[in-house]
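See below for the structure under consideration.
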């Protein structure tokens with residue numbers, strides 16, 4: 001999935017999120033925000049005896065932050081059942097989550113496969129009688145790593 005032209009940059013508002021869950025449906029792909037697709041190398045600092053001008057920094061391993069997904073509060077779906085099973089019953093079932101960036105014709109531009117994701121945290125936005133905001137649920141998923149597919 002390559003971009004048609006190097007200057008044809010994708011827009012960030014057109015995407016879907018797919019969960020590798022048996023009963024995942026149309027409600028489970030719609031999110032208003034995705035963050036946490038990031039990676040970095042951790043480093044170890046080594047001091048060398050007799051060398052006081054600097055320390056050696058060497059790469060150790062890759063690390064990945066939690067994947068954060070936000071959407072309007074949904075009463076019931078395969079994803080909410082998966083989260084409830086994990087948090088309330090401690091039945092942890094790691095799944096693959098795929099984040100797909102789409103072009104204006106809804107064709108995939110880039111896809112990221114998030115490996116062994118599991119629900120770490122779930123919360124609902126504050127209720128406020130003075131505003132007319134949509135109630136938003138936030139899902140925080142820990143995962144092993146991600147790769148572009």
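The values are calculated or read from the model by the stated rules, or taken from the named source; none is laboratory data. Treat the numbers as computed from the prediction; the structure is a model and nothing was measured. Methodologically, a virtual Cβ is constructed for each residue, glycine included, from the backbone with ideal geometry; neighbour enumeration extends over all protein chains shown.
With respect to residue 107, determine if the residue is out of contact with any strand residue (DSSP E or B) (no Cβ under 7 Å at 6 or more places or on another chain), under 22 Å from residue 37 (Cβ atoms) and modelled with pLDDT under 95.
So residue 107 passes the test.
Please determine whether any residue of the stretch 128-141 is at pLDDT 95 or above, within 15 Å of residue 20 (Cα to Cα) and surrounded by 14 or more Cβ atoms within 10 Å (Cβ to Cβ).
Within the stretch 128-141, one or more residues are at pLDDT 95 or above, within 15 Å of residue 20 (Cα to Cα) and surrounded by 14 or more Cβ atoms within 10 Å (Cβ to Cβ).
For residue 97, state whether it is assigned to a helix (DSSP H, G or I), within 17 Å of the chain's Cα centre (by Cα) and either free of Cβ contacts under 8 Å to residues at least 12 places away in the same chain or surrounded by 15 or more Cβ atoms within 10 Å (Cβ to Cβ) (or both).
no
Run down 6, 10 and say which single residue is surrounded by 10 or more Cβ atoms within 10 Å (Cβ to Cβ), more than 20 Å from residue 142 (Cβ to Cβ) and at pLDDT below 95.
The unique qualifying residue is 10.
When the stretch 100-121 is examined, which residues are found to be part of a loop (DSSP other than H, G, I, E, B) and surrounded by 14 or more Cβ atoms within 10 Å (Cβ to Cβ)? Explain how you work it out, then say what you get.
We begin by selecting, within the stretch 100-121, every residue part of a loop (DSSP other than H, G, I, E, B); these are 103-107.
Passing the criteria: only 103.
Which condition from (1) part of a helix (DSSP H, G or I); (2) within 16 Å of the chain's Cα centre (by Cα); (3) without any contact (Cβ under 8 Å) to a residue 60 or more places away in the chain is the one that residue 84 breaks?
(2)
Do you know which of the residues in the stretch 23-48 that are at pLDDT 90 or above, more than 14 Å from residue 71 (Cβ to Cβ) and part of a loop (DSSP other than H, G, I, E, B) is farthest from the chain's Cα centre (by Cα)?
Looking at residues that are at pLDDT 90 or above, more than 14 Å from residue 71 (Cβ to Cβ) and part of a loop (DSSP other than H, G, I, E, B), I get 47.
Within the stretch 122-149, count every residue that is touching a residue at least 40 places away in the same chain (Cβ under 8 Å) and either within 12 Å of the chain's Cα centre (by Cα) or in a strand (DSSP E or B) (or both).
Going through the stretch 122-149 one residue at a time, the tally reaches 12.
Take the stretch 13-26 and flag every residue that is out of contact with any helix residue (DSSP H, G or I) (no Cβ under 7 Å at 6 or more places or on another chain) and buried (at least 16 other Cβ atoms within 10 Å of the Cβ).
Within the stretch 13-26, just 15 meets the criteria.
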